[in-house]
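Data first, discussion second: the structure below is written as structure tokens.
The values are calculated or read from the model by the stated rules, or taken from the named source; none is laboratory data. If you're wondering where the values come from, they're calculated on a predicted model, not measured in any experiment. Every residue, glycine as well, gets a Cβ built from its backbone with ideal geometry; the counts of neighbours run over all protein chains shown.
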Protein chains: 2
Amino acid sequence: MHIKNQETLKKENQSLVLELILSESPISRAEIAKRTKMSPTSASRIVASLKELGLIREVSLSSDGLGRKALYFIPDEMSVISIGAEITPHDVHIGFVGFKGKLIVKETVKYSDNDPHAMANLLYQTVEDMIHSNGLGNKKIVGMCVGLPGLIEHKVGNVRLSAQFDWHDVPLAKIFSEKFGFGISIDNALKLRAFAEYNLDEELVNKNMAMIGFGTGVGSALVFDGEIYRGENNFSGEIGHSIVDPYGIACTCGNIGCLQTYISERFLLDEASKCSDITTMDELVEAYLGEEKWAVNILNKAITYAAITINNVICVNNPNAVVLSGKFIVNYSVIREKIIAKYQELLWSPIENTFDLKVTRLGSEGTILGAALSVQRYFVKNLDV
Amino acid sequence: MHIKNQETLKKENQSLVLELILSESPISRAEIAKRTKMSPTSASRIVASLKELGLIREVSLSSDGLGRKALYFIPDEMSVISIGAEITPHDVHIGFVGFKGKLIVKETVKYSDNDPHAMANLLYQTVEDMIHSNGLGNKKIVGMCVGLPGLIEHKVGNVRLSAQFDWHDVPLAKIFSEKFGFGISIDNALKLRAFAEYNLDEELVNKNMAMIGFGTGVGSALVFDGEIYRGENNFSGEIGHSIVDPYGIACTCGNIGCLQTYISERFLLDEASKCSDITTMDELVEAYLGEEKWAVNILNKAITYAAITINNVICVNNPNAVVLSGKFIVNYSVIREKIIAKYQELLWSPIENTFDLKVTRLGSEGTILGAALSVQRYFVKNLDV
């Protein structure tokens, strides 16, 4: 509990103006003053300092139908660059992202050794190569964030558990930061993806959004009032380990009947292996389309539980926008359509018209964009002009 | 997005000082200045105006072991009184609550007609009677809030759905306000109960808390960063209608296998009626304790699903405190202990040490206390000294 003094106020106002330009550009000086309820003098002063720092630019645009021009402000997209990365079970994805979320360049590198130090070296080398081969050496790179699945204590940079990599209490941010020589943050991949979707899809502006990911696991993430909902330890959204049937299938966590045992890739392939020698989701979906009985049974059950997941996330969180994502949704349109049809059948009626349902627009780049944007947001919030 | 000006700042600082006195009293002027990072002059000025309004009092307390006295500030408990009410299926509960949450007087009245206008009359008459018979006529009563189960759009005062009363889109706040002649707010009963628990249990200070209610329905409520989590329409926490078994028991909502069909009173009694002529939970629990097979089977299943509910709420929300409440928990200690034992068995291991589990301390007064406190909080936040 702090009383706000003049200095805090000044910084907050500077961040606010930059945020406004980021979200509303092109925007005029008069509009900035109006929207922020600031005097024209104060608005001019702050805008001038942001310009001097090279964070924003002035553009001359037609302000009416008569060809008269007026000055507007826009962020300088190349003035602030951040790096977003995502670690998935066999690949590392790295992207350099400009101010406002434009992906400048992206690389994917395969790895075989998931030792965190080896991964730090790989990340470092790739980032260095990308800076040099893309001529980004003279740019202001404000930081880097790495997303991965699991229980990620983002404040302290610790991986409490990431089942996909068999990591338990790995101080990953520290290991990466030591290699890079500057602070690197880590976060849960689905939370970052949700954050990117919220910030880059104009239809989601001011929405309270839930993202559901159906992929190697099942998870949910919320962006409410523009902020990622994290829970106490950043462990929220672990809906994959909510139990739906205490007499169901054993889960890798040691429990019985976790929701993910009905939906996620690994379990579907385990079930399929009892009836067939297929080893991939592509083959499973192909068998489903070919109406092979075992595939139809396995996937119909998965579709029902995915639909249940959508209902349950809405009942618990009451978002007004729901975004479906993950391999199961993005790669297989037939499955996606069936999930959407089924959830409409199962949805609790009183909440029918309380939200819009959408499919992710960001595809495989969601997490790296969200990671990079989270770094930029920190930069803007802590701006000290 | 508003730039803060001096006036907003002044009001915020006044509210902050009063909040500090409410949460930390007795507190000295020096401590107020220190905690708020305010100058002693500003602190004195604000404290003086709060005193003048009669909201706080000065007390002289020993400040060391030597018997020396110093001045401290405490809220004047009788300076701000608010009214909290709860509508349950057969009763209306009304309480007058002093500043800081002390229940001054409480009444329960039975009703038979659940027409909202009839209920407004009953509420009005009871409140009037309570004011007169308790000599509260000359007190500053700052407002009233009414809690009830269901989907309550608290911002507009509309009951979207309250299944217990068969109310659909009833503008309840307006109906009550017209009778009383001043604004009355309405809210979801479990959210208010959680708010009271958070504010009145010192062990919950600064906790991120989930409350789970097992009673006529099953619901959850969150208080995060001191605020009730509401979702978009105040409909969050409807975990009772999350589906756990698409091939389970029909729910009153028209779906199959909603979580509440395994736990809540009505469904347990429905199941019991197939094997016995009992009609109350007391009788069901008695039969369970008498080891009657049907009762043991029904309640063991309910205990398992209650335990699952606890796991699921924690997986999704990641609170660091969980408070169990509701008739099932409060009235039947044997059932409560079995639920707690079972959830320990079922809990997802990685989140084992991330929270404390507690049982509600407020009993049947939780909702009226929360309702009254929510009114006081609004008063303090919007203080205009």
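Among all positions in segment B:44-60, there is at least one residue which is more than 14 Å from every other protein chain (Cβ to nearest Cβ), in contact with a Ser or Thr (Cβ under 6 Å, 6 or more places away or on another chain) and either under 30 Å from B:Phe176 (Cα atoms) or among the aromatic types (Phe, Trp, Tyr) (or both). Among the residues of segment B:186-238, those that are part of a strand (DSSP E or B) and farther than 22 Å from A:Asp225 by Cβ comprise B:Ile186, B:Ile212, B:Gly213, B:Phe214, B:Val218, B:Gly219. The residues of segment A:303-323 that are under 27 Å from B:Arg230 (Cβ atoms) and either touching a Phe, Trp or Tyr at 6+ places or on another chain (Cβ under 7 Å) or modelled with pLDDT under 95 (or both), listed by number, are A:Ala306, A:Ala307, A:Ile310, A:Asn311, A:Ile314, A:Cys315, A:Asn318, A:Pro319, A:Asn320, A:Ala321, A:Val322. If a residue must be more than 9 Å from chain B (Cβ to nearest Cβ) and either surrounded by fewer than 22 Cβ atoms within 10 Å (Cβ to Cβ) or among the charged types (D, E, K, R) (or both), how many such residues does segment A:196-214 contain? The qualifying residues number 8. Taken over segment B:265-289, the criterion of being under 13 Å from B:Thr216 (Cα atoms) and in contact (Cβ under 8 Å) with a residue 24 or more places away in the chain is satisfied by B:Glu265, B:Arg266, B:Leu268, B:Met281. Candidates B:Gly226, B:Gly237, B:Gly219, B:Gly254: the one that is within 13 Å of chain A (Cβ to nearest Cβ), on the phi > 0 side of the Ramachandran plot and either charged (D, E, K, R) or out of contact with any Ser or Thr (no Cβ under 9 Å at 6 or more places or on another chain) (or both) is B:Gly226. Residue by residue through segment B:86-121, note down the ones that are out of contact with any Gly (no Cβ under 7 Å at 6 or more places or on another chain) and among the small types (Gly, Ala, Ser). Matches in segment B:86-121: B:Gly98, B:Gly101, B:Ser112, B:Ala118, B:Ala120. The sole residue among B:Asn317, B:Asn353 that is within 11 Å of another protein chain (Cβ to nearest Cβ), within 30 Å of A:Asp245 (Cα to Cα) and under 21 Å from the mean Cα position of the chain (by Cα) is B:Asn317. The residues of segment A:218-240 that are in contact with a strand residue (DSSP E or B) (Cβ under 7 Å, 6 or more places away or on another chain) and hydroxyl-bearing (Ser, Thr, Tyr), listed by number, are A:Ser220, A:Tyr229.
Determine if segment B:257-264 includes at least one residue that is buried (at least 24 other Cβ atoms within 10 Å of the Cβ), within 14 Å of chain A (Cβ to nearest Cβ) and in contact (Cβ under 8 Å) with a residue 60 or more places away in the chain.
Initially, segment B:257-264 is screened for residues buried (at least 24 other Cβ atoms within 10 Å of the Cβ), giving B:258-264.
Checking which are within 14 Å of chain A (Cβ to nearest Cβ) leaves us with B:258-263.
Next cut, in contact (Cβ under 8 Å) with a residue 60 or more places away in the chain only: B:263.
Checking segment B:257-264: at least one residue is buried (at least 24 other Cβ atoms within 10 Å of the Cβ), within 14 Å of chain A (Cβ to nearest Cβ) and in contact (Cβ under 8 Å) with a residue 60 or more places away in the chain.
Of the strands (runs of 3 or more DSSP E) entirely within segment B:8-119, those holding at least 1 residues that are modelled with pLDDT of 90 or more, of a type in the set (Gly, Ala, Ser) and under 30 Å from B:Ala163 (Cβ atoms) occupy B:81-87, B:91-97.
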